[in-house]
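The values are calculated or read from the model by the stated rules, or taken from the named source; none is laboratory data. Note that the coordinates shown come from a computational prediction; the quantities given were computed from them, not determined experimentally. Heads up, the Cβs are rebuilt from the backbone with ideal geometry, glycines too, and the neighbour counts pull from every protein chain shown. Note: accessible area is taken over every heavy atom of the protein model, side chains too, but ligands, DNA and RNA are not part of it. Shrake-Rupley method; radii C 1.70, N 1.55, O 1.52, S 1.80 Å.
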Amino acid sequence: NAGVTQTPKFRILKIGQSMTLQCTQDMNHNYMYWYRQDPGMGLKLIYYSVGAGITDKGEVPNGYNVSRSTTEDFPLRLELAAPSQTSVYFCASSSQTGGSGYTFGSGTRLTVV
Amino acid sequence: DQQVKQNSPSLSVQEGRISILNCDYTNSMFDYFLWYKKYPAEGPTFLISISSIKDKNEDGRFTVFLNKSAKHLSLHIVPSQPGDSAVYFCAASQLNTDKLIFGTGTRLQVFP
């Protein structure tokens, strides 16, 4: 069972470059999320989606964009990377509302230099 | 404004003893609370949850207690094992949303 798959696992970007973090889930979950984890700061919600074609902003959306063209995929786009975007990024999915447990991917560690 | 707070960044416990991890929240609209466990270089994994209509939920060695009047929950691990060494995140959600708000985490170390 693959669950939630994130690629790449590591990436170094230069300031001003762009990249897409990929996230795919094979559990047919409607809900998908992108979080970032900064040291000592817990996980902050960037964007989320309640189904294909529907996305919405979380707590820290600035500098990011998302799309949800299929149930399986939820890529996160960074435009004009900045050092403040150095973080570990986690994608997650869930099947229903009500605080059901999320399934997380293993994360992408991004460094912007 | 941090709606979910874990005030202890770290905890060290001897193997076989009880580990108690604490979490406080400020939003009285939260109605579901969860604990996640995270090992280095891995994503968080769901551990145990509790609805606001309950005050206790048990799953094997793990028990979560909820005190709504104090806006406080705790995770008890008994007995603690070295494999429990990880970062534990408390999270909360509000009715009719599926957005989890996470605390900052507590690093638990269980030593022999």
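Against the conditions (1) assigned to a strand (DSSP E or B); (2) in contact (Cβ under 8 Å) with a residue 60 or more places away in the chain; (3) buried (at least 18 other Cβ atoms within 10 Å of the Cβ), A:Y48 satisfies every one except (2).
Which residues, taken from the stretch B:68-99, are outside any strand (DSSP E or B), touching a Lys or Arg at 6+ places or on another chain (Cβ under 9 Å), among the polar types (S, T, N, Q) and surrounded by 15 or more Cβ atoms within 10 Å (Cβ to Cβ)?
Quick first cut of the stretch B:68-99, residues outside any strand (DSSP E or B) only: B:68-71, B:78-85, B:95-99.
Restricting the remaining residues to those that are touching a Lys or Arg at 6+ places or on another chain (Cβ under 9 Å) gives B:78-81, B:84-85.
From what's left, among the polar types (S, T, N, Q): B:80-81, B:85.
Result: B:S80, B:S85.
When A:G107, A:G42, A:G58, A:G99 are screened for being in contact with a strand residue (DSSP E or B) (Cβ under 6 Å, 6 or more places away or on another chain), modelled with pLDDT under 95 and either over 13 Å from B:D98 (Cα atoms) or among the aromatic types (F, W, Y) (or both), only A:G42 passes.
Looking at B:E58, is it surrounded by fewer than 18 Cβ atoms within 10 Å (Cβ to Cβ) and outside any loop (DSSP other than H, G, I, E, B)?
yes
Scanning the stretch B:1-26 for residues that are outside any strand (DSSP E or B) and within 13 Å of chain A (Cβ to nearest Cβ), which turns out surrounded by the most Cβ atoms within 10 Å (Cβ to Cβ)?
Here is the first cut: in the stretch B:1-26, the residues outside any strand (DSSP E or B) are B:1-3, B:6-9, B:15-18, B:26.
Cutting the leftovers down to within 13 Å of chain A (Cβ to nearest Cβ) gives us B:1-3, B:6-9.
Numbers: B:D1: 4, B:Q2: 14, B:Q3: 15, B:Q6: 20, B:N7: 10, B:S8: 14, B:P9: 11.
It comes out as B:Q6.
Restrict the check to the stretch A:48-60 and report whether at least one residue is within 10 Å of the chain's Cα centre (by Cα) and hydroxyl-bearing (S, T, Y). Yes, the stretch A:48-60 contains a residue that is within 10 Å of the chain's Cα centre (by Cα) and hydroxyl-bearing (S, T, Y).
Looking only at the stretch B:27-55, how many residues end up being farther than 26 Å from B:V110 by Cβ and surrounded by fewer than 20 Cβ atoms within 10 Å (Cβ to Cβ)? Please lay out each step first, then the result.
In the first step, residues of the stretch B:27-55 are kept if they are farther than 26 Å from B:V110 by Cβ; the result is B:27-32, B:51-55.
When the remaining residues are screened for being surrounded by fewer than 20 Cβ atoms within 10 Å (Cβ to Cβ), the result is B:27-29, B:31, B:51-55.
Residues in the stretch B:27-55 being farther than 26 Å from B:V110 by Cβ and surrounded by fewer than 20 Cβ atoms within 10 Å (Cβ to Cβ): 9 in total.
Here A:T20 clears all of (1) buried (at least 20 other Cβ atoms within 10 Å of the Cβ); (2) outside any loop (DSSP other than H, G, I, E, B) except the condition numbered (1).
Filtered by the rule that a residue be within 13 Å of chain A (Cβ to nearest Cβ) and open to solvent by 60 Å² or more (accessible area, probe 1.4 Å), the stretch B:100-112 gives a lone residue, B:R107.
At the interface with chain A (Cβ under 10 Å from one of its Cβ atoms) and either under 28 Å from A:I46 (Cα atoms) or among the basic types (K, R) (or both): does that describe B:K68?
Numbers: at the interface with chain A (Cβ under 10 Å from one of its Cβ atoms): no; either under 28 Å from A:I46 (Cα atoms) or among the basic types (K, R) (or both): yes.
So B:K68 does not fit the description; no.
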